[in-house]
1. Anything in segment 213-244 that is at positive phi and assigned to a loop (DSSP other than H, G, I, E, B)? List them, or say none.
2. Just checking, does segment 268-279 include any residue being of a type outside the set (Ser, Thr, Tyr), touching a Phe, Trp or Tyr at 6+ places or on another chain (Cβ under 7 Å) and either part of a helix (DSSP H, G or I) or at pLDDT below 90 (or both)?
3. Looking at segment 26-48, is at least one residue assigned to a helix (DSSP H, G or I), of a type outside the set (Asp, Glu), modelled with pLDDT of 90 or more and over 21 Å from Tyr5 (Cβ atoms)?
4. Which count do you get for residues in segment 163-180 that are in contact (Cβ under 8 Å) with a residue 40 or more places away in the chain and closer than 15 Å to Phe214 by Cβ?
5. Is there a residue being closer than 28 Å to Arg342 by Cβ and modelled with pLDDT of 95 or more anywhere in segment 90-103?
6. With more than 17 Å from the chain's Cα centre (by Cα) and among the basic types (Lys, Arg) as the only criterion, which of Arg132, Arg139 stands out?
7. So if I check each of Leu314, Leu307, Leu337, which one is assigned to a strand (DSSP E or B) and either touching a residue at least 40 places away in the same chain (Cβ under 8 Å) or more than 30 Å from Arg139 (Cβ to Cβ) (or both)?
8. Being buried (at least 21 other Cβ atoms within 10 Å of the Cβ) and over 18 Å from the mean Cα position of the chain (by Cα) narrows it down to one residue among Phe149, Phe127, Phe85; which is it?
Amino acid sequence: MTPGYALSERPLAAVLGGFDRVDEEAAVRKNRLLRIVNDGDEIALGTNKFLFDLGGKPMYEWVLDAVQGSGRYAGLVAYNDVEEFRGKVDLRKYPTLDLRQMTGSVGGHLLDLYHSIEYGQRVDIFFADTPRATPELVRRVNDEYTRLFGRTDSRGNPVRIAFGFAPYEEAVRDNWLPKRTRLMKDSYFRFSPWGLQMLYDRHVNGIEMPKFYFAFKLDGKRVYVHPANHAAFIKHPTNDAVAEHKMIDYLYSMRKGIADLPRIIGSMAKHHALHLIPTVALRFALPYERTIDDLRQVMGGMYGTDLSETGLALNFTRTGAAFENDIDSVVGEASDLAVFRRKAAEGKLG
């Protein structure tokens, strides 16, 4: 039976470390697509990378230590394969840890947790493949969401769900994975809409176009951002449909930018939001407030529910590259995992 939580003034922290159990043929097929997106990197599929050794302890423990060490949370929830986790992690180190069996998706994890907390409870979400997290950085993220949850969105709704995004200028600061912040080259899509946007940015705005970033117009400026691998929500009736329909999986597909691109584009066309496609697929910049409103409309239309009162925002985090530097690739000397292991050997982790 899933344990429940009494309402706490302090937030809970959820650290997500689920993975797809896919057969070898499906893994090869999906990785072929992901390698196109990630410039040849082999992405970990079907393996519990979160328990791989990193600097003498499982990758997962670096994040658990940072979250627990922050002193900000009333409880700690972790999702992974329970049997494997217990075989690798000393649970005695984490007295408030509630270890739960992973589900089929990020949305499944959050729905499971959503059902076991009271209305009004806040949850901060972290991912177990971001071992650069430290107690200080976790406290900074916690403060950022606290400030956001004291505001309203463009519709006047109190913000009760927010997702972290790292601005480009933050992500290049102390970045361990420079391939993530590479800029577009002239040879890329020279005569395509992507290429035209790149040339416009370079010659009119005087900036280069980051290859893997979304663009927004915010306060009259174009801002390039990349998902920062943390989020937060407050359980409230206006968020029930988001949880029940696992809408986070739709947003996660959009975050990946290709894994479910046909479905994303189809839903935007169906719900009269074709103008969002350039932001998602081509990285054109649309006004931030309009983009948030239209995403709310598209998701509500897809799942047959009204999200007009759901307070949604993005947290343009100021935590450098620490959370953006998640470990995706684990094979080979040039993989993310190999880079992190070298940094750990140099004493730069933690």
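The values are calculated or read from the model by the stated rules, or taken from the named source; none is laboratory data. It should be emphasised that the depicted structure is a prediction, and the values quoted were computed from it without experimental measurement. For neighbour counting, all protein chains shown are included, and Cβ atoms are generated from backbone atoms with ideal geometry for every residue, glycine included.
1. Asp219, Gly220 - these are the residues of segment 213-244 that are at positive phi and assigned to a loop (DSSP other than H, G, I, E, B).
2. Yes, there is a match, as at least one residue in segment 268-279 is of a type outside the set (Ser, Thr, Tyr), touching a Phe, Trp or Tyr at 6+ places or on another chain (Cβ under 7 Å) and either part of a helix (DSSP H, G or I) or at pLDDT below 90 (or both).
3. The answer is no, given that none of the residues of segment 26-48 is assigned to a helix (DSSP H, G or I), of a type outside the set (Asp, Glu), modelled with pLDDT of 90 or more and over 21 Å from Tyr5 (Cβ atoms).
4. Kept after step one, since they are in contact (Cβ under 8 Å) with a residue 40 or more places away in the chain, are these residues of segment 163-180: 163-168, 170-177, 179-180.
Those still in the list that are closer than 15 Å to Phe214 by Cβ too: 163-168, 170-171, 180.
Number of matching residues: 9.
5. In the first step, residues of segment 90-103 are kept if they are closer than 28 Å to Arg342 by Cβ; the result is 90, 93-94.
With the extra rule that they be modelled with pLDDT of 95 or more, the set shrinks to 93-94.
Yes, because at least one residue in segment 90-103 is closer than 28 Å to Arg342 by Cβ and modelled with pLDDT of 95 or more.
6. Values: Arg132 fails: more than 17 Å from the chain's Cα centre (by Cα).
Sole residue among the options that is more than 17 Å from the chain's Cα centre (by Cα) and among the basic types (Lys, Arg): Arg139.
7. On the way: Leu307 fails: assigned to a strand (DSSP E or B); Leu337 fails: assigned to a strand (DSSP E or B).
Selected residue: Leu314, the only one of Leu314, Leu307, Leu337 that is assigned to a strand (DSSP E or B) and either touching a residue at least 40 places away in the same chain (Cβ under 8 Å) or more than 30 Å from Arg139 (Cβ to Cβ) (or both).
8. Among Phe149, Phe127, Phe85, only Phe85 is buried (at least 21 other Cβ atoms within 10 Å of the Cβ) and over 18 Å from the mean Cα position of the chain (by Cα).
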